[in-house]
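K.L.:
Starting off with a structure, shown below.
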Amino acid sequence: MGYFTLVTLHLFAAIMFVGTVFFEVLILEGIRKPVGREVMRSVETAIGRRARRLMPFVILVLYAAGISMAWQYRDTLAHPLDSSFATLLWIKIVLAVSVLAHFITAVTLGARGKLKSRHFKLIHLSVFCHVVLIVFLAKAMFYIT
């Protein structure tokens, strides 16, 4: 698969994933009080159901394309402190692995019925911070030297 195709797949999957995180953190949290507990519970249930169907495929494409692109930089990644590009790419990879761990934790807790509202909010806020940094690093690694 060509690098352009990988970048395009990765970008579209990132837009879907990051867009979903932004929507949940910045939009949904902002309407929680005005719409009330019952309506919010219905909205979260419906969004959660849709996300559980869609997000595994988005995550698969996002990480598969990301790993494939990173593989092409394996010689650079072998020496992470030799260049700012390698250092920033390593940081981006570590953050991406952490996001995946958050996602797996949320899915596991949800499947066990132990995903409480507090956990949900903390995980989303943490993932939000991670993806903001990842998006920044995605650009910064090509400009910071």
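K.L.:
For the full complex of protein chains and a 1.4 angstrom probe, list Val7, Val25 by accessible area with the highest value first.
P.N.:
From most accessible down to least: Val7, Val25.
K.L.:
Give me the accessible area per residue for the chain, probe 1.4 Å, as a whole number in Å².
P.N.:
That works out to 67 Å² for each residue.
K.L.:
Determine, for the chain, the count of lysine pairs separated by eight or more sequence positions (or lying on different chains) whose alpha-carbon distance falls under 29 Å.
P.N.:
7
K.L.:
Could you compute how much accessible surface Thr20 exposes when probed at 1.4 Å, giving the result in Å² to the nearest 10?
P.N.:
About 40 Å², ignoring ligands and nucleic acids.
K.L.:
Ok, one more. Using a 1.4 Å probe and ignoring any ligands, DNA or RNA, find the accessible area of Phe103 and quote it in Å² to the nearest 10.
P.N.:
50 Å²
K.L.:
Determine the sum of side-chain charges near Ala51: Lys and Arg each +1, Asp and Glu each -1, restricted to other residues whose C-beta is under 14 angstrom from that of Ala51.
P.N.:
So the surrounding residues net to +2.
K.L.:
Output the 0 to 90 degree angle, nearest 10, between the alpha-carbon long axis of helix 117-143 and the longest principal axis computed from the alpha carbons of the chain.
P.N.:
Taking the Cα atoms of the chain, the angle to 117-143 is about 30 degrees.
K.L.:
What part of the accessible area of segment 15-101, given as a whole %, is carbon or sulfur when the probe is 1.4 angstrom?
P.N.:
69 percent
The values are calculated or read from the model by the stated rules, or taken from the named source; none is laboratory data. On a predicted model such as this, the values are computed, not experimentally measured, just so you know. Positions of Cβ are generated from backbone atoms using ideal geometry, with glycine treated the same way; all protein chains shown enter the neighbour counts. Each accessible area value is taken on the protein alone, full model and side chains, heavy atoms only, with ligands, DNA and RNA left out. Shrake-Rupley method; radii C 1.70, N 1.55, O 1.52, S 1.80 Å.
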